[in-house]
Amino acid sequence: MLSELRIQNYAVIEDLSLRLEPGLAALTGETGAGKSIIVGALSLVLGERATADVIRAGEERAVVEAAFDVKDRPDLLRRCDGAGIDVGEGWLVLKREVNTGGRSRAWINGTPATASLTGELGRAGAADHAGEVADLHARLSETQRRRVGLEERQARTQERAELLRHQADEIEDAGLREANEDLILADEERRQAHAEELLERASNLHDEIYSTDEAIYERLGRLRRELDALSNIDPRASEEMAELFDTVYYTLQELGERLGSYRDSIDLDPSKLEQTRQRIDALYRLKAKYGPTLDDVMAAGEHARAELDALDLAGFELDELAKQEAEISAKLEKAAARLGRARSKAAKALAVEVSQMLPELGMPEGQFEVALPKRSSIASTGAEDVEYRVTLNKGFEPQPLSRVASGGELSRVMLALKTILARLDRTPTLVFDEIDAGIGGIVGQKIAERLRVVADHHQVFVITHLPQIAALADHHLLVTKGSSGRRTATEVSELSGEGRVRDLARMLGGDPEREESIEHARALLELS
């Protein structure tokens, strides 16, 4: 519900603050007093396009603020929470400012916002009776968004995938065995490069120590007999020395055998050296690309393979998303078809009821219908658009309501709609401008009664010249034009008692100072 509207420096309004209550509020006043300007200011704060010409002459900016009580609107509270807006104790304050450069700014509860967002929240749209369709459409849109995003990422990474595959294969084909293989190969290359020298030296050592008649090992064997002779003479002295001698003898024997094995292991094949050098070169190239160490090379291979596996999983996910998309799409089509059938049935009933009501609202030839043109694709609101069409003169085909109706006619058609839909429509505040244009008498009384019915379920704000409407209103607001210094200014005051009677007398067309006019107005008010 709209609780307060404050307007500063908008058109002829200098500083105006309106406190609004539930029920029917009638805004009256002479033509040109500024009644429609107030509606224009409200439209501005609800997101309409802003231009600098709305700023009051001589001022730098126009400001409009509207305070809404939304405590009983959990849907709006959730929407605000999702937008990061603190609604405190259930109050939504929309503010719009326009400067002389034509630029505008908007705030919601003190937080900077876009004009479109203030409009979205301020209009407080009717509850979506097609919840199943909206939910399925949202799920389908999200699934499609994920699928398209994944396909785009795959397309962008296809070239990288080829690079990753090359890297992973190159490193895997290298057959890296251990992180220090390059160091081991360096030692091996050095041995193979000096194989002839190593063979010569190992052979000399083996011969001198172990394999010839004059080798140290053979000579020690002969000297062992001398030690045995010593032991025969002095066993105590020779026992310890014999043990030490045997240790040297057998150690020398093991050394000789090892030298022989080492000598035999030396390979003089030049092709082996070439293979080792090629392997060293291959590892060097890998380290230059992925290094600096073989540890880094191995880690790079693992990382590339992991990325490729992730891309493979993305392909699997694409298949799953496509399957989900097809399933949700099928459900959406069925739900949209159900919604379409329900709409078609409701549209026929609504057309009959509105058409029956139009004559008593001053449109005797009026006919109303609800068209349901099919969409090219299912939207969140269904498989069809909902278009109100009307003909106001006999012999003409129904056309979209906005094209064929004047402001007053449009307001009266909307009044008929709101009368019928009052108990279902959750829009809390309705504004009618020019609803009584060109009518009066019995039709004016019918419009007043319809407004009264709608006001039982909505806050209704109506600009009127009809005394019948003003008399039935819960609140009577008078708009007057005066002067502030040397400039014109619009003011609004709530009337009651005799002040209200006098304004009704003015609206009835009599002299508000004459007793007959006063009595006529008083009688109308008492009757209402």
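The values are calculated or read from the model by the stated rules, or taken from the named source; none is laboratory data. It should be emphasised that the depicted structure is a prediction, and the values quoted were computed from it without experimental measurement. Please note: Cβ atoms are built from the backbone with ideal geometry, for glycine as well, and neighbour counts cover all protein chains shown. Please note that ligands, DNA and RNA were not included when accessible areas were found on the heavy atoms of the full protein model with its side chains. Shrake-Rupley method; radii C 1.70, N 1.55, O 1.52, S 1.80 Å.
Miscellaneous remarks
- Helix 497-507 axis, angle to the chain major axis (alpha carbon atoms, nearest 10°): 80 degrees
- The chain: calculated mean residue ellipticity at 222 nm from DSSP helix runs of at least 4, using -39500 (n - 2.57): -19000 deg cm²/dmol
- In this structure, residue 345 and residue 396 have a Cβ-Cβ separation that, at R0 = 25 Å, corresponds to a calculated FRET efficiency of about 0.40.
- Within the range 148-274: Cβ-based charge dipole about Cα centre, in debye rounded to nearest 20 (Lys, Arg +1; Asp, Glu -1): 220 debye
- The gain in end-to-end length when the residue 248 to residue 186 segment is fully stretched comes to 18.8 nm, 0.36 nm per residue minus the alpha carbon separation.
- 0 to 90° range, to nearest 10: angle between helix 235-265 axis and the chain longest Cα axis: 60 degrees
- Using a Förster distance of 30 Å, the FRET efficiency for residue 111-residue 372 (Cβ separation, nearest 0.05): 0.15
- Full extension of the chain segment joining residue 262 with residue 229 gains 8.2 nm, where the gain is 0.36 nm per residue of separation less the Cα-Cα distance.
- Dipole of the chain, positive end: most advanced residue of 104, 448, 282 [Cβ charges, Cα centre]: 448
- Net dipole in debye of the chain [+1 Lys, Arg Cβ; -1 Asp, Glu Cβ; about Cα centre; nearest 20]: 4580 debye
- What the Cα atoms of the range 401-505 give is an Rg and a Dmax of 15.2, 49 Å.
- If the convex hull is drawn through the Cα atoms of the range 456-528, its volume per residue in Å³: 106 Å³
- Rolling a 1.4 Å probe over the protein chains gives residue 63 an accessible area of about 20 Å².
- Residues of type lysines that residue 71 reaches as a straight line, Cα spacing below 21 Å, ignoring anything fewer than 8 places off in the same chain: 95
- Taking Cα atoms only, the orientation of helix 294-357 departs from the longest principal axis of the chain by about 20 degrees.
- For the chain, the equivalent ellipsoid built from the Cα gyration tensor has semi-axes of 103, 28, 20 Å, listed from largest to smallest.
- Backbone HN-Hα couplings from phi across the range 12-18 [Karplus 6.51/-1.76/1.60, Hz, Gly and Pro as x]: 8, 8, 8, 8, 10, 10, 10
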